[in-house]
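The values are calculated or read from the model by the stated rules, or taken from the named source; none is laboratory data. Computed from a prediction, not measured in an experiment: that's the story for all the values here. Reconstructed Cβ throughout: ideal geometry from the backbone, glycine too, with neighbour counts over all protein chains shown.
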Amino acid sequence: MASRNASRWSESDIPRQDGRVAVVTGANSGLGLQTARALAEHGAHVVLAVRNLDKGRQAIARVADRAPGAKLSLQRLDLASLESVRTAADELHAAYPKIDLLINNAGVMYTPRQKTQDGFDMQFGVNHLGHFALTGLLLDLLLPVPGSRVVTVSSQGHRIQADIHFDDLQFDRSYKRIAAYGQAKLANLMFTYELQRRLASHDTTIATAAHPGGAATELGRNMPAPLRAITTLLMPLISQSAAMGALPTLRAATDPAVTGGQYYGPSGIGETQGHPKVVASSAKSHDAAVQQRLWTVSEELTDVKFPV
């Protein structure tokens with residue numbers, strides 16, 4: 001179904017998703033919850049992949065209230081543990097013969113210095129490496145499915161103090177939380193672009209990316225105090241609801257006009273608010289040599305090899 005007005009694409013433009021299986025990471029709150037709800041309301045069987053099962057059950061109840069009869073499942077997934085990622089992938093293989101949509105939504109932002117179970121910087125480990133591994137382990141369930149997509153949620157933070165610090169990927173020498181977030185979100189985009197390059201010879205599956213703009217979620221709870229104060233003052237100008245913030249992800253996941261490698265974000269000034277459209281990412285995110293180097297390093301760190 002084509003949008004009645006592509007410049008004001010909204011949930012009403014989502015085509016029916018009946019018969020489709022969508023896995024949404026971090027679906028217990030914020031953007032992930034809104035993404036799961038909208039897909040369920042349009043007929044998809046949505047798997048909420050979450051770290052906290054109690055919160056996941058509460059999220060399922062909330063979605064079911066809005067979409068009676070919705071097809072919903074819960075999957076435990078802790079992206080800060082490669083063991084958990086592998087277990088989740090095994091369980092999803094056992095439960096579903098195919099996956100139509102994998103939405104890599106979960107994330108952490110500006111956390112204090114922390115390490116994942118595998119010794120990775122928390123922001124890099126959860127936002128990039130966990131999703132890299134999950135995608136690689138599930139891709140065989142997507143490749144046979146016409147119209148299947150991998151959607152990875154990035155951020156405008158990919159432009160701020162952002163680089164891939166190959167000499168100190170885990171920020172062991174000097175931890176800077178904003179730079180660590182920028183690296184992780186830049187990695188999300190580089191992963192998407194390199195994955196799409198590898199998928200180009202397949203006519204079934206594409207990789208896309210999205211960012212929510214200034215969506216009002218719990219993600220900013222670790223924001224440094226001075227930045228939080230500034231953000232609070234500017235909030236009316238730069239923020240929008242989580243439901244609006246989820247629209248770029250939903251468009252990247254469902255709009256029939258989407259092509260592989262596209263990046264969606266809000267259409268307003270500074271891409272902080274508004275209906276979703278194709279937006280540009282930084283020049284740095286398009287460096288193919290760095291994308292390929294990051295891919296190789298990510299395979300080595302996660303011990304996950306992709307079937308493409």
Query raised in the report: Tally time: how many residues in segment 50-105 are closer than 26 Å to residue 302 by Cα and among the charged types (D, E, K, R)?
Result: 9
Query raised in the report: Condition test on residue 4, is it charged (D, E, K, R) and either at pLDDT 95 or above or out of contact with any helix residue (DSSP H, G or I) (no Cβ under 9 Å at 6 or more places or on another chain) (or both)?
Result: no
Query raised in the report: Within segment 238-248, can one find any residue that is over 16 Å from residue 284 (Cβ atoms) and at pLDDT below 85?
Result: yes
Report task. Residue by residue through segment 171-187, note down the ones that are in contact (Cβ under 8 Å) with a residue 40 or more places away in the chain and either in a helix (DSSP H, G or I) or buried (at least 21 other Cβ atoms within 10 Å of the Cβ) (or both). Result -> 177, 178, 180, 181, 183, 184, 185, 186, 187
Query raised in the report: Is at least one residue of segment 61-77 touching a residue at least 40 places away in the same chain (Cβ under 8 Å) and assigned to a loop (DSSP other than H, G, I, E, B)?
Result: yes
Requested in this report: Taking only segment 78-92 into account, find how many residues are assigned to a helix (DSSP H, G or I) and surrounded by fewer than 20 Cβ atoms within 10 Å (Cβ to Cβ).
Outcome: 6
Requested in this report: Could you tell me whether segment 295-306 includes any residue that is at negative phi, in a loop (DSSP other than H, G, I, E, B) and among the aliphatic types (A, V, I, L, M)?
Outcome: yes
Report task. Among residues belonging to segment 31-79 that are at pLDDT below 95 and not charged (D, E, K, R), point out the one that is nearest to residue 211 (Cα to Cα). Result -> 67
Requested in this report: Working only within segment 35-56, note down all residues that are within 13 Å of the chain's Cα centre (by Cα) and assigned to a helix (DSSP H, G or I).
Outcome: 35, 36
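Residues are listed down the side, and each one gets a yes or a no for (1) touching a strand residue (DSSP E or B) at 6+ places or on another chain (Cβ under 8 Å); (2) of a type outside the set (Ser, Thr, Tyr); (3) farther than 22 Å from residue 206 by Cα:
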residue	(1), (2), (3)
73	yes, no, yes
80	no, yes, yes
90	no, yes, yes
95	yes, yes, yes
108	no, yes, yes
111	no, no, yes
130	no, yes, no
137	no, yes, no
148	yes, no, no
Report summary line: For segment 150-162, pairs from a residue that is in contact (Cβ under 8 Å) with a residue 24 or more places away in the chain and over 21 Å from residue 100 (Cβ atoms) to a residue that is of a type in the set (S, T, N, Q) and surrounded by fewer than 23 Cβ atoms within 10 Å (Cβ to Cβ), with Cβ under 6 Å and 6 or more apart or across chains, are 159/282
